[in-house]
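Remarks on the structure that follows.
The values are calculated or read from the model by the stated rules, or taken from the named source; none is laboratory data. Worth saying up front: this structure is predicted, and the values here are computed from it rather than measured. Here the Cβ positions follow ideal geometry from the backbone for every residue, glycine too, while neighbour counts run over all protein chains shown. Accessible surface is based on the protein model in full, side chains and every heavy atom, while ligands, DNA and RNA are left aside. Shrake-Rupley method; radii C 1.70, N 1.55, O 1.52, S 1.80 Å.
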4 protein chains.
Amino acid sequence: MASNSFGEILRMTSFGESHGFGVGVVLDGVPARLELAVEDFLPALARRRPGQSEISSARREEDRPEIIAGVFEGRTTGAPVAILVANHDQRSADYEHLRDAPRPGHADQTQAAKYGHRDHRGGGRSSGRETIARVLAGVVAGKILPPATRIMGHALIVGQLEARRFDPAEIERNPMRCADPDLAGPMVELVRSLKEEGDSIGGVIEIVVENPPANLGDPTFGKLKARLADAVLSVGAVTGFAYGAGFETATMRGSRYVADSSHFGGILGGISTGETIRFRAAIKPTSSIGDLARKGRHDPCIVPRVIPVLEAMTGFVLADCLLMQRALGQP
Amino acid sequence: MASNSFGEILRMTSFGESHGFGVGVVLDGVPARLELAVEDFLPALARRRPGQSEISSARREEDRPEIIAGVFEGRTTGAPVAILVANHDQRSADYEHLRDAPRPGHADQTQAAKYGHRDHRGGGRSSGRETIARVLAGVVAGKILPPATRIMGHALIVGQLEARRFDPAEIERNPMRCADPDLAGPMVELVRSLKEEGDSIGGVIEIVVENPPANLGDPTFGKLKARLADAVLSVGAVTGFAYGAGFETATMRGSRYVADSSHFGGILGGISTGETIRFRAAIKPTSSIGDLARKGRHDPCIVPRVIPVLEAMTGFVLADCLLMQRALGQP
Amino acid sequence: MASNSFGEILRMTSFGESHGFGVGVVLDGVPARLELAVEDFLPALARRRPGQSEISSARREEDRPEIIAGVFEGRTTGAPVAILVANHDQRSADYEHLRDAPRPGHADQTQAAKYGHRDHRGGGRSSGRETIARVLAGVVAGKILPPATRIMGHALIVGQLEARRFDPAEIERNPMRCADPDLAGPMVELVRSLKEEGDSIGGVIEIVVENPPANLGDPTFGKLKARLADAVLSVGAVTGFAYGAGFETATMRGSRYVADSSHFGGILGGISTGETIRFRAAIKPTSSIGDLARKGRHDPCIVPRVIPVLEAMTGFVLADCLLMQRALGQP
Amino acid sequence: MASNSFGEILRMTSFGESHGFGVGVVLDGVPARLELAVEDFLPALARRRPGQSEISSARREEDRPEIIAGVFEGRTTGAPVAILVANHDQRSADYEHLRDAPRPGHADQTQAAKYGHRDHRGGGRSSGRETIARVLAGVVAGKILPPATRIMGHALIVGQLEARRFDPAEIERNPMRCADPDLAGPMVELVRSLKEEGDSIGGVIEIVVENPPANLGDPTFGKLKARLADAVLSVGAVTGFAYGAGFETATMRGSRYVADSSHFGGILGGISTGETIRFRAAIKPTSSIGDLARKGRHDPCIVPRVIPVLEAMTGFVLADCLLMQRALGQP
């Protein structure tokens, strides 16, 4: 059960709401003696934060994490690592008019049915703010992975625009996190115009993992592709997952499929081969449109802010699988 | 952990190899007093079985399940339900020449690396034969779901051919399990010609769940969409998952997305709304091509045989979520 | 795994250290709509707190819980409930001389070996302060149990003194939590004299559950007696568990055993019968003796302070089993 | 949940009834490349079997295990290991008269209440026959432990008779499995006379683990003592657990307790120290008394037959903890 926990040996428990005290995460199964400091979390949190550019939400969230357990004299102790990020810019009043008006396409409706009540203040647990817990967990997971392993997400598709080149150095140079220098500008332009219209747009994120450990994942359940799909679809904005040749395999002949190992996306029989892992996640357009969107409290395109969340979930799955492999793998 | 188990309250443990004694499943968390007999499994097993038509593998597997535990006087007892299906047509000799020759695009390679040995006899645990366990589990899960809930899978895309109509009555009338009477013939023709060429082809399966229970799934982890993605990607042939508008959301504006609730695929905020659930799974072309394919021991298009497996996994996830909802939901 | 979590459907994750920021707990699987306020925790925390009487530790811990997630407008929301209790009286300096001196009979030694470091400041996670998390969890669990269910712990044995009467009204009238008015005084006297000697003493706690729900627990693993034993032995001070006639069954004939259902302790075949549940926990003497004990920073007899912790763990197990029974039991 | 499974990384799932097809176990998380053959199970099964001597049940169970999955060419493959033991001497007719007559002190009553039906044929899942699954699992677990680790159970107390010496060589020389050569005879005599009277008797088993690995268990939940208590109390006949000085700590002063590390039972702060682990389990007298007992279908003292079951559960817990330690421990 434990529907707010994820992972097997490395396990995160996420808690907190968008408009209460704050959000946090407890990480169990963190090996002892890892160096860990508040500063380690800041870059990833900064990348997830709203208000990074003119095309994202104007809310300013000062995400100051506090490590409240599991670290002593700068290193993890083997005890659970607990990290809190307090809410500052809550503005519950902004949501008071929504108390009796569920928003179409939002989680409010199903949560009200399931739990017999509704937290009208910006989505409660379904708020994007919950993803802070994932980002924090991803930072710790990253310390378990080999230094050579590099996880990079980028905006592959936004609307009709699709990146054709993959230049990692380009990603953080533009607010869309597009790795194609030719497409970054048009993507930004598209999103800016949609913001003016009070509309939003979806996209596709690609995650690339260079130098992943081999032998991660299990052959039946717990296939690496299944764990990644579970992790990625656990993020609210994601509507699809495909690895390697993905949905293109539908139209592919076997002779072509097996001829190019990149079609396997670094995963064979559910287990990582050690080659580059590559998968895509479909991102839906945000449901906050019209006046709400124009007021600037929501992102017209959530793609760039979901990227660090998916990177974090990817790192978390890989680190968890690596710990399992230590338990059961050949020495 | 338990990488051969799936589910939380309703939990299946799959075991067995394609070329040993047989395959089986133990189901824990099965409510008592459900009627259950061997005959209940036969239709679903028959739909999964190879040799159903000229376009599937010529192997004949007489899948005779035996309920060896958990049923007394025709009803489940609350004890674990264990079901075995013995192997009959093993022909290990057919695989002897593969002892030292891992097959490209097969799980053999990663399993050998992970476990320090290789079962050359047709894939061992990675064989499609393991999916018998899923089909058996799906039959039991189906007894937990409300009678009105109907889970239907069909071949939406095979190669370049895409079904345009959805006529449930048509599905079992053609060997492709295509719900579009106009496309079934061409799909069969395509697969037959590929078989002659010694090639294979992928496709897309759509799963439609009519009258699902509402309130299934959790808001953070354990979202219904994430559980379904995990379940579906745990099947070897699947390379992608997308629900509702899926990857089309990438090119969709928010105004269009929220205007039509079918885009949500029956899931909002990770929780079922009670409306029809709809998702797609991308199926890769089988890697057994060339002489092996021509010999007829493998399917040139695995799509029709994966359909009952995905239906079973879908039913299993829904039943498991329904039991969770009984534990925690509003009365 | 998740070695800092306990429970299946209702699940607590404990975190925090005795000398850092504080301790806390995240509770997952809490049904929605339960009334919950900070005041609900205060009585149980007060009973666990040191400094309640002349015979307990002189440390004063102002345990002020803060509900930081999962409660909205006075009721649980179905989201994880997170509760923090900050440390105030840390006095790390008191422990500085212990930095290089592991204490005999303390957890320091094994933790240092396991994790490659040692938190010399009062036991870290092994401190009794971690039990605050259990007490908090027990309060929430109590709201899930039927109102008629009453969980009462008392000091049955301290040293050579054994209570002969069980008067529930007496328990909170004496600092030993002894239910026998004749023995309470001698027990207090014994502990006071040991304190002066710089020594400590063990005891036996009995837990009595009146009007428990029937049908809790499972027949194979997850027997109610096994879950209770696991819960009780997860508390540092406990060295033994016995239910019903317990270790006296060793000398008992079957004819006598079956003649009196109180020998079964309210559990038959691993499942609660609905009759009073009764079990005992052996409590070791605290290892802090000599000068340390005389300085008054430690309890010469931990029995009275362990009682609310065992009550909490008992309630937690019962509530978790009750939710499971809702999922799978006969309606 | 999974109330028929036990263990975290190494995980057993038990299934089967005493009077149906048979009993079995599926073991997940078994490392690959362990040598495993049917013969490995026979000694432990023979020790658990009824009919070993004049003082145990006259039923003869030919327990012939069959490894039906997870072993290839004499070694484990990393896939789940499934083992079946068919029932032979079922004699359901013997139980037909019990169809409407629940037996006092048996699990029948609570199972009927919980599941809405009753398997009158000898206890169903609650039969001692289910413990075959545990014994099988223990054999596999033993292969994961270091060769020097030795797990020995013996009859410490039967009725008023308590062993004073511990001579391991003596244990298998007498049908009581008593390690004290002076007490073995009197114990056998006592049980024989009770059998004639149609009565039964309880006892205490001590488990001694020489040369256990250090660093097993976790500091909060999952303490080694708690895992062992859970494992031991999951066996039907057990009514109590105590490690190290156990219930004697109740009367012990701290100064005496810390003076002798054998009081700690090899476990400190929930973690194994590497010293000899020592714990006791209280065993209740069997409830089958009177005519039933005289007919000889039941054991007048179950102690000797429970010993191999507790040894198996102990080995299983240690092996599971050892795999966890591989995942998270210092290299």
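Observations on the model:
- The single condition among (1) open to solvent by less than 10 Å² (accessible area, probe 1.4 Å); (2) under 30 Å from A:Q325 (Cα atoms); (3) facing another protein chain (nearest Cβ under 8 Å); (4) polar (S, T, N, Q) that D:T314 does not meet is (3).
- Filtering the range B:220-231 to residues that are under 16 Å from B:G266 (Cβ atoms) and facing chain A (nearest Cβ under 7 Å) leaves B:K223, B:K225, B:A226, B:A229.
- Here D:E170 clears all of (1) open to solvent by less than 40 Å² (accessible area, probe 1.4 Å); (2) among the acidic types (D, E); (3) over 22 Å from D:L310 (Cβ atoms); (4) without any contact (Cβ under 8 Å) to a residue 40 or more places away in the chain except the condition numbered (3).
- Index of the failed condition, D:I144 passing every other in (1) in a loop (DSSP other than H, G, I, E, B); (2) more than 30 Å from C:V235 (Cβ to Cβ): (2)
- Restricting the range B:122-134 to residues that are at pLDDT 80 or above and of a type outside the set (S, T, Y), the residue that is most open to solvent (accessible area, probe 1.4 Å) is B:G128.
- Criterion violated by C:G198 - all others in (1) within 25 Å of C:I267 (Cβ to Cβ); (2) surrounded by fewer than 23 Cβ atoms within 10 Å (Cβ to Cβ) satisfied: (1)
- For the range D:158-168, the criterion of being assigned to a helix (DSSP H, G or I) and charged (D, E, K, R) is met by no residue.
- Residues within the range A:122-136 that are in a helix (DSSP H, G or I), closer than 26 Å to B:T249 by Cβ and under 17 Å from the mean Cα position of the chain (by Cα), tallied: 10
- Residue selected from the range A:13-48 under the condition more than 12 Å from chain C (Cβ to nearest Cβ), of a type outside the set (G, A, S) and without any contact (Cβ under 8 Å) to a residue 60 or more places away in the chain, by the criterion most open to solvent (accessible area, probe 1.4 Å): A:E39
- Residue count for the range D:68-80 satisfying the condition of being assigned to a strand (DSSP E or B) and facing chain B (nearest Cβ under 8 Å): 4.
- Residue that is more than 22 Å from B:I157 (Cβ to Cβ) and at pLDDT 95 or above, where the choices are B:S234, B:S272, B:S261: B:S272
- B:T76 being in contact with a Gly (Cβ under 7 Å, 6 or more places away or on another chain) and at pLDDT 95 or above: yes
- Some residue of the range A:292-302 being touching an Asp or Glu at 6+ places or on another chain (Cβ under 9 Å), open to solvent by 30 Å² or more (accessible area, probe 1.4 Å) and either within 7 Å of chain B (Cβ to nearest Cβ) or not basic (K, R) (or both): no
- For C:V258: the one exception among (1) within 21 Å of the chain's Cα centre (by Cα); (2) free of Cβ contacts under 8 Å to residues at least 12 places away in the same chain: (1)
- In the set B:T251, B:T220, only one residue is touching a residue at least 12 places away in the same chain (Cβ under 8 Å) and among the hydroxyl-bearing types (S, T, Y); that residue is B:T220.
- Among (1) among the charged types (D, E, K, R); (2) at pLDDT 95 or above; (3) buried (at least 23 other Cβ atoms within 10 Å of the Cβ), the one test that D:D119 misses: (2)
- With respect to (1) more than 20 Å from the chain's Cα centre (by Cα); (2) within 12 Å of chain C (Cβ to nearest Cβ); (3) over 30 Å from A:V30 (Cβ atoms); (4) in a loop (DSSP other than H, G, I, E, B), the lone exception for D:H106 is condition (1).
- Only one of the numbered conditions (1) open to solvent by 30 Å² or more (accessible area, probe 1.4 Å); (2) at pLDDT 95 or above is violated by D:I157, and that is (1).
- Screening A:P213 with (1) over 17 Å from the mean Cα position of the chain (by Cα); (2) part of a helix (DSSP H, G or I) gives one miss only, at (2).
- A:P213 being within 18 Å of B:M252 (Cα to Cα), at pLDDT 95 or above and surrounded by fewer than 24 Cβ atoms within 10 Å (Cβ to Cβ): no
Let's see how each residue does on (1) touching a Pro at 6+ places or on another chain (Cβ under 9 Å); (2) open to solvent by 10 Å² or more (accessible area, probe 1.4 Å); (3) without any contact (Cβ under 8 Å) to a residue 24 or more places away in the chain:
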{"residue": "C:T149", "(1), (2), (3)": "yes, yes, no"}
{"residue": "C:R177", "(1), (2), (3)": "yes, yes, no"}
{"residue": "C:V191", "(1), (2), (3)": "yes, no, no"}
{"residue": "C:V204", "(1), (2), (3)": "no, no, no"}
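- Scanning the range A:220-262 for residues that are in a helix (DSSP H, G or I) and hydrophobic (A, V, I, L, M, F, W, C) turns up A:L224, A:A226, A:L228, A:A229, A:A231, A:V232, A:L233, A:F247, A:A250, A:V258, A:A259.
- Filtering the range A:232-269 to residues that are small (G, A, S), more than 7 Å from every other protein chain (Cβ to nearest Cβ) and surrounded by fewer than 23 Cβ atoms within 10 Å (Cβ to Cβ) leaves A:A259, A:S261, A:S262.
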